Amino acid sequence: MADIKKTDAKFLVYSGLLFKINQYILHPFGLALEVIVWDNVEEKKKELKAIEDAKIFMKDVRHLVRNSPDANECDVITQMLDELLEIKNHDVRFGGVWDYRDDPEGMLYEQKTFESGLNKYKKFMDEFGNDKLEQRKEKLGYIIQEEK
């Protein structure tokens with residue numbers, strides 16, 4: 001099997017695809033996929049520095065307990081800090097799923113957010129999406145995979 005190519009949350013946001021996923025699939029059910037956008041550079045720098053400081057501290061602790069059973073725990077914590085650093089290093093990342101399923105009308109975008117998301121989506125479709133859908137239809141005979 002070929003390696004799986006991946007993109008990130010930033011692509012889904014700036015292409016308008018996340019807007020459409022929420023609008024058509026999740027919002028009617030009262031759900032929304034959340035993204036976190038780092039727009040406060042100073043806050044981001046502080047969080048990244050705190051994680052780096054914690055990693056340095058764990059290295060020092062690891063050195064002190066190198067021959068004890070606690071050394072393994074230090075390694076696990078250091079690995080977790082590395083993973084957290086990787087997550088925090090992105091400008092846009094997935095948050096969670098908002099859950100308002102008990103709300104009778106589901107979820108709606110504020111008008112300004114709706115217009116922004118729609119404009120991003122239209123631009124994406126003009127620059128890439130329409131051609132991609134046409135290629136898919138030519139190759140498969142359909143765009144959306146249906147139940148058989």
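A short reminder: the numbers here are calculations on the coordinates, not readings from a lab. Treat the numbers as computed from the prediction; the structure is a model and nothing was measured. Glycine gets a Cβ as well: all are built from the backbone with ideal geometry, and neighbour counts include every protein chain shown.
Below are the figures for this structure:
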| item | result |
| --- | --- |
| Relative compactness, segment 90-148, computed as alpha-carbon Rg over 2.2 N^0.38 Å | 1.60 |
| Of Lys112/Lys132; Lys5/Lys112; Lys6/Lys148; Lys112/Lys148, those spanning more than 31 Å from alpha-carbon to alpha-carbon | Lys5/Lys112; Lys112/Lys148 |
| Peptides ranked, highest mean first, by Cβ atoms within 10 Å: ranges 17-25, 93-101 | 17-25, 93-101 |
| Packing-based exposure ordering (other Cβ within 10 Å, fewest first) of Ser116, Ser15, Ser68 | Ser68, Ser116, Ser15 |
| Under-5 Å amide H pairs with Val35, H placed in peptide plane, nonlocal only | Gly95 |
| Rounded to whole Hz, the Karplus (6.51, -1.76, 1.60) HN-Hα couplings of segment 51-58, x for glycine and proline | 5, 4, 4, 5, 5, 4, 4, 5 |
| Added length on full extension, which subtracts the Cα-Cα distance from 0.36 nm per residue, Ala50 to Tyr14 | 10.1 nm |
| Calculated FRET value between Trp98 and Glu146, using beta carbons and R₀ = 30 Å, to 0.05 | 0.55 |
| In order through segment 10-18: 3J(HN,Hα) via Karplus (6.51 cos²θ - 1.76 cosθ + 1.60), integer Hz, x for Gly, Pro | 4, 4, 4, 6, 6, 8, x, 5, 5 |
| Chain lengthening between Asp131 and Asp91 when straightened (0.36 nm per residue, less Cα-Cα) | 11.5 nm |
